[in-house]
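Visitor: Starting off with a structure, shown below.
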Amino acid sequence: MTKEDLVYVIPAGQYGKEGVLALLEQHPEIKFVSLVGVDLAGNDTDEKIPISVFFDEYDKFFNATAFQTDGSSVVLPGIATLSNARVDIKADPGVNWFVDYNDGNVDPVTGKPVGTLRIPSFLRHTTGFIDSRSILRNTIDYVGEEVLKLVKKYGIKGLSVDPDDIEKIVFTTATELEFWVKTPSQDIETRLLSASQKMQEQYWQRTHGLVRTALEQTVERLEKYGLSPEMGHKEVGGIKAQIDDSGKLIFVLEQLEVDWKYASDPVQTADNEIQARIIVREVFRENGLEVTFQAKPIHGVAGSGEHTHVGMGAILKNGKFINLFNPDDMNKSFLSAMGYGSIMGILKHYEVINPFVSSTTDSLNRLKPGFEAPVCIVTSLGGETPDTPSRNRSVLAGLIRSAENPKATRFEMRAPNPFTNTYIALALFYLAALDGVKYALGSGKTPEALLAELSKKPGEDAEYLAKSRAYRSEVDVFENFTDAERSDMFGKAPRTVWENFSALDKYPEKIDELACDAFQKRLMESFKLGALSRWALELQYRIIPENLAKVISAKQLHAEGDSNPLEIERWTKINALRTELGRDTEKSLSIFSKIKKALAADDYDTASNLMVAMSDKMDALTDLYYEYSHNAF
C-alpha cells in the first residue's frame, strides 16, 4: 500500500449522494465523519462519527436539527447561553470535503491509516445561523447581489463592459501562510535572531535536512488535497541550524511560508486555509519538528502574517471571466471605478474592521514599526504612475496588478495573521468594499476623480473619505514619516485589544454602514465579547505570570565589593524596575497588581493603559539586564 491509494479530497459537485457513498465503500479505511463548524473565535469543531452512521443517515447530515453541540463547546458569547445552549450542525454540500488521515492508527484489514471525512458545516442556534462560515456565505451572496444591481444601474466608469452581459459577480480570494518551525524544547536567543534578520541571512535561503524534507512533503500533500500549491520558501526570520556529529540537524529555528492558488469562492478559500494549517502542522510533526502559527511568537523578531488577497470579477453570459478592478488600459490607469470604490470603502471603515482582524495581544504585538508589518491605514497603488510599477511593503493594503496578467488584479491586505478568523475578515472586507462601490458608482465620478480623492493630502476636502486624513503613500511610511506624522496622516494604531475594540463605540456610523442581515450587529457584539474576555483572561493568567517570572529571574550577579560603579548603577535601575513591575510595597501596588485590580473591577480602560506601561517597562528591563549580565563577570 502507498499513499497514492488514498482519497484526500471529495470536490464539491463532483459526486451526488450515490457517488459519495460508492467512493467511501471503496475506501473502508475512512472510518469516521467529522462535521466542521467554525465558531466566532475561528475554532473548528471536530468529532468522530462512525462512517456507518453516515451511510445509514446520509440525508440527516444536511438537516440542521440532526446533530448538535452546546454553547460550552463553541465560542458564541451572548448567543448560546446556559439557558439556551443548543447549537445544531448542518453539513455544507457546496464546498470541498477533506479526508484527514491518522498515520498513528493503521487499519489492520486494509493496512492503510484510518481516515476521517471532514465536512465543513454551519452552526445554527434558535436565533438562526451564527457561525463564521455562514456569515461569510451570506455576506458574499448579499454583496454579489448588491454589486450586480449597482453595475446594472450605473455601469462601471473606466471599464467597458455591458452590464447586461454579466451573469454573476465572483470574488477572487486567497491567503498565504507564514509560520515558525523549530526542534522541540528549544531555547530561543532573541538577539541572535534579530541580528540574523537585520543582516537578511535567511530570506529566500535554501532549506536543509528535516526542514527541507518537511517543506517538500507539505507542498506535495497540499497538491494531493487539491489546494494547488504555488510555492514554499524561507521567510525573513531564523538562524542557521546546528549539526551534530552524525550530520543531523539538532537546532532548528526558521520561518517559512507556503502559498496556494486563489479560489473564486471566499468560503472555500477560508476552508482551504484551515486544511493547509492542519497539513503543515502534521507534516512537520511527522518529521519531529514543532510549528507555531502565532503572529508574534518571538519578540524583537519578524512575526508571521497571512496576507489576504481580495478581488472582484464577473462571469459573463458567454462564460468569460473579467476582473472588475481593471481599467480598459492598464498602462494608463491603475483601476476602474469599481476598484477605487472597493479600496476606498475598506480604508474608510478599517478602524472598525481592525478589531476583527487583530483581536488578540499576539496579533497586535506583530503590528509594530520595523518588521514589514502594517501599522497605518494606508494603501499603495504600486507606483506613482501605472507605467512605473513598484511594491510598497509598508502599507496596509497594496494593489497587485500586471498588464501581462489582468485577471490577477487584487488588493493584498497585509494585517491578517495565521490566527485571524479569515471568514469574518473577508466578510468585512467585502462589506466595506460594497459601501465604497456604492459611492464610486453612484456618484458618477470618473476613475481620475476617485484617484484624486484617494490620493488627497490631510486637510483637503473629500466627499467620501475623511478630510483630516491621507490614504495613499507610494513611499515607505516608516522611513519617510515620524511616528507623530504617521498618526496624524493615517490614524493612530491601537496598542491593546481593548483600544482596538473601542473603535466600535467611537465610530458607530461605520458599523451601521457595514451591518446587514448577512452580518448582524448581534454577531459582531458576540465576537467582541469573546475577544475581550480572552484578552482579559490572557492578560491576568498568562502575560502577567510570564512577565513576573522574567522579573524574578533578573537577579543580582555582581558580588559585593567586587564590582564597579557602572554595574551598581545598572543594577539599581534594574531593581527599581523590578519593584515597580512586580513587588507590592507599603507605599504602592506594583503594576502587575494594579492590572489585576482593574480587571477585577471591569475597568478595562485602566487595565489597558497599565498594560501598555507594563510592556514598555518590560522591554526596558530586558535591555538593561542584557547589558548588566554581559558585563558582570
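All of the numbers you see were taken from the coordinates with simple rules; none came from a lab. Model, not experiment: these values are computed from the prediction. As a convention, Cβ positions derive from the backbone with ideal geometry for all residues, glycine included, and neighbour counts pool all protein chains shown.
Visitor: Give, in nm to one decimal, the length gained when the segment between Thr385 and Tyr58 is fully stretched (0.36 nm per residue of separation minus the Cα-Cα distance). Intermediate values should be presented prior to the final figure.
Guide: On the way: separation 327, 0.36 × 327 = 117.72 nm, distance 5.67 nm.
Value of the extension gain: 112.1 nm.
Visitor: I've got another one for you. Ordered by packing density, taken as the mean number of other Cβ atoms within 10 Å over each peptide's residues, highest first, how do 496-505, 341-350 rank? Don't skip to the end; give the middle numbers.
Guide: On the way: 496-505: 20.3, 341-350: 26.4.
Ranked by mean Cβ neighbours within 10 Å, highest first: 341-350, 496-505.
Visitor: Related question: Computed FRET efficiency, Cβ-Cβ of Ile552 and Asp488, R0 30 Å: what is it to the nearest 0.05? Working shown, then result.
Guide: Numbers: r = 41 Å, r/R0 = 1.37.
Approximately 0.15, to the nearest 0.05.
Visitor: Let me ask another. Grab the range 1-152 and count how many Lys pairs have their alpha-carbon atoms under 25 Å apart, sequence gap of 8 or more, or different chains.
Guide: 16
Visitor: Of the listed peptides 471-481, 426-436, 76-86, 300-310, what is their order by residue-averaged count of other C-beta atoms within 10 Å, with the highest listed first? Please report the intermediate quantities before stating the final value.
Guide: Numbers: 471-481: 17.4, 426-436: 25.8, 76-86: 15.5, 300-310: 23.3.
So the order, starting with the most tightly packed, is 426-436, 300-310, 471-481, 76-86.
Visitor: Averaging sequence separations of C-alpha pairs under 8 Å and six or more residues apart, then dividing by the length of the chain, give the relative contact order as a whole percent. List each step's numbers first, then the result.
Guide: Details: 1144 pairs, mean separation 80.3, N = 633.
Computed over the chain, the figure is 13 percent.
Visitor: Could you check the spin-label model distance between Arg534 and Glu220? Points 7 Å from the Cα along Cα→Cβ, value in nm.
Guide: Rounded to a tenth, the inter-label distance reads 3.4 nm.
Visitor: Would you calculate the separation in nanometres between label points at Thr606 and Asp165, each defined as 7 Å from the Cα along the Cα-to-beta-carbon direction?
Guide: Going by the 7 Å Cα→Cβ label model, 6.6 nm.
Visitor: Another one. Could you list the residues of the range 391-432 with an amide nitrogen less than 12 Å from a label point located 7 Å from the Cα of Asn331 in the Cα-to-C-beta direction?
Guide: Output list for this probe position: 403-404.
Visitor: Using per-residue counts of other Cβ atoms within 10 Å, averaged over each peptide, order 313-326, 406-419 from highest down. Can you show the working numbers first?
Guide: Numbers: 313-326: 17.4, 406-419: 21.5.
Sorting 313-326, 406-419 by mean packing, highest first, produces 406-419, 313-326.
Visitor: A further question follows. Taking 7 Å along the Cα-to-C-beta vector as the label spot, tell me the Lys320-Val475 distance in nanometres, rounded to one decimal.
Guide: So the two model labels end up 4.2 nm from each other.
Visitor: Suppose only helical runs count, i.e. DSSP H with n ≥ 4. What mean residue ellipticity at 222 nm does that imply for the chain under -39500 (n - 2.57) per run, divided by all residues and rounded to the nearest 500 deg cm²/dmol? All intermediate terms of the calculation are to be shown ahead of the outcome.
Guide: Working: 20 runs with 250 residues, N = 633.
One gets -12500 deg cm²/dmol as the mean residue ellipticity at 222 nm.
Visitor: Let me ask something additional. What is the distance in Å between the Cα centroid of the range 499-546 and that of the range 119-152?
Guide: 21
Visitor: Identify, among Ala276, Leu428, Ser52, the residue whose Cα sits farthest towards the positive end of the charge dipole of the chain, taking +1 on the Cβ of Lys and Arg and -1 on the Cβ of Asp and Glu, with the dipole about the Cα centre.
Guide: Most positive-ward Cα: Leu428.
Visitor: Any idea which of Ala408, Ser615, Ile30 is furthest toward the positive side of the dipole for the chain, if Lys and Arg beta-carbons carry +1 and Asp and Glu beta-carbons -1?
Guide: Ser615
Visitor: Quick one: length gained pulling Thr65 to Tyr507 fully straight, 0.36 nm per residue minus the C-alpha distance? Display every interim value, and only then the final one.
Guide: Details: separation 442, 0.36 × 442 = 159.12 nm, distance 3.83 nm.
Going from the current span to full extension adds 155.3 nm.
Visitor: How much length, in nm to one decimal, is gained on full extension between Lys368 and Arg522, taken as 0.36 nm per residue of separation minus their Cα-Cα distance? Don't jump to the answer; show the numbers that get you there.
Guide: Values: separation 154, 0.36 × 154 = 55.44 nm, distance 3.12 nm.
Computed gain between Lys368 and Arg522 is 52.3 nm.
Visitor: Would you tally the net charge around Gly459, using a Cβ to Cβ cut-off of less than 14 Å, leaving Gly459 out, and scoring K and R as +1, D and E as -1? Intermediate results must be reported in sequence, preceding the final value.
Guide: Details: positive: Lys456, Lys457, Lys467, Arg469; negative: Glu453, Glu460, Asp461, Glu485, Asp488.
Computed value for this residue: -1.
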